[in-house]
Each structure stands twice: as structure tokens, then as C-alpha cells.
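The values are calculated or read from the model by the stated rules, or taken from the named source; none is laboratory data. All values derive from a computational prediction rather than experimental measurement. Here the Cβ positions follow ideal geometry from the backbone for every residue, glycine too, while neighbour counts run over all protein chains shown.
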Amino acid sequence: MLRLLVVGVASYLALVAETTCLRELLPEMSAPLCVWGLLPLLAASSNGAGPVLIAAGLGLLVDASGPGPLGVAVCISSATTSLLQRFVSLDSLSSTVRVGLMSSATATLLGMASFVASSLLTPGPVEPSALFWQLGAGALLAGTWSAAVSRVISPRH
């Protein structure tokens, strides 16, 4: 339960940092990705509906803070957390490197899924360089932040 709380608070802090600080540094970033990088840790931290509900709440905050249509991040984050609960455990995230790689991959894939869903729901011009910067920076930040959080919740890594 404590792990779930720590990952939930870390996810919220990542969202706050991305929506305030990083928007000034990287205005190309249209949606926070660091939060999605923490979904593997959130899914592995506890069984049941708790992680899925926290992921849905974080998705709602992402939707509210981003330019895209409402509901996309809620669906993506809650469905992904539910899926990850079936395939990811704390044992499979046994090293900081594994956590970082899994989190980077998750953030990149969910960033692309969010971009595609938002593009289909609100068509407009696509800026490939902005997408590249968003996915690259998001994956790097998500992997780094998740690795740091994994060290806090399980110092044996």
C-alpha cells in the first residue's frame, strides 16, 4: 500500500513539473509523458483496482492540462495500467535499468497512442519535429524519473 501511495504521489509531482517547468523549456511538448512512464511501477505496486483508479485520475489530470480532447488520457492510462498488471511484477522490474527501459518504452508508446487518438478526434496540421521532441524528451524524462522512484520504493535495486 505504501508503494502505491509513493508512486501515486511521484506521478502527481511529475505531472506538476511537466505542466509548469517543462512547458517553458520545451514548448513543443503538448502532453505530459513522465506520468505514463510511471505506469509500470504503479501497476506492479499493487493488485486490484487501486492502481487503475489512480491511473484514471492521473489521466484525467493529463486531459485537463493538455490541449487534446477530454477522455483520451483517461482511457489510455487506465487501460494500460490494467494490462500492465497482468504482465509486470516487481520481480520483472528487478533493476533500475529495467525500470528505466520499461518506463521509456511505455511513455513513448502511450505518447504515440495519445497523439494518434487526438489527431483522429481533432484533425489539424501535424508537426513531425514537435512529435519527435515530445516523444524523445518524454521517454528520457520518464525513464530517469521512474528509475529514481524505483530506488525509493525498493532500495535493493
Which is on the phi > 0 side of the Ramachandran plot, at pLDDT 85 or above and not hydrophobic (A, V, I, L, M, F, W, C), of 71, 100? 71
Name the single residue that is surrounded by the most Cβ atoms within 10 Å (Cβ to Cβ) among those in region 47-74 being under 17 Å from residue 11 (Cα atoms) and touching a residue at least 40 places away in the same chain (Cβ under 8 Å). 73
Consider only pairs whose beta carbons are under 7 Å apart and that are at least six residues apart or on different chains; among these, list those whose first residue lies in region 75-103 and is free of Cβ contacts under 8 Å to residues at least 40 places away in the same chain and closer than 20 Å to residue 58 by Cα and whose second residue is of a type in the set (Gly, Ala, Ser) and surrounded by 22 or more Cβ atoms within 10 Å (Cβ to Cβ). 78/55; 78/59
Go through the residues of region 76-86 one by one and say whether even a single one is farther than 16 Å from residue 42 by Cα and either touching a His at 6+ places or on another chain (Cβ under 7 Å) or assigned to a helix (DSSP H, G or I) (or both). no
Here is a list: 137, 130. Which entry is part of a helix (DSSP H, G or I), over 17 Å from the mean Cα position of the chain (by Cα), modelled with pLDDT under 80 and farther than 25 Å from residue 47 by Cβ? 130
Conditions: (1) under 20 Å from residue 41 (Cβ atoms); (2) touching a helix residue (DSSP H, G or I) at 6+ places or on another chain (Cβ under 7 Å); (3) surrounded by fewer than 18 Cβ atoms within 10 Å (Cβ to Cβ). Residue 153 meets all but one. Number of the miss? (3)
Checking 63, 91 in turn, the sole residue that is assigned to a loop (DSSP other than H, G, I, E, B) and acidic (Asp, Glu) turns out to be 91
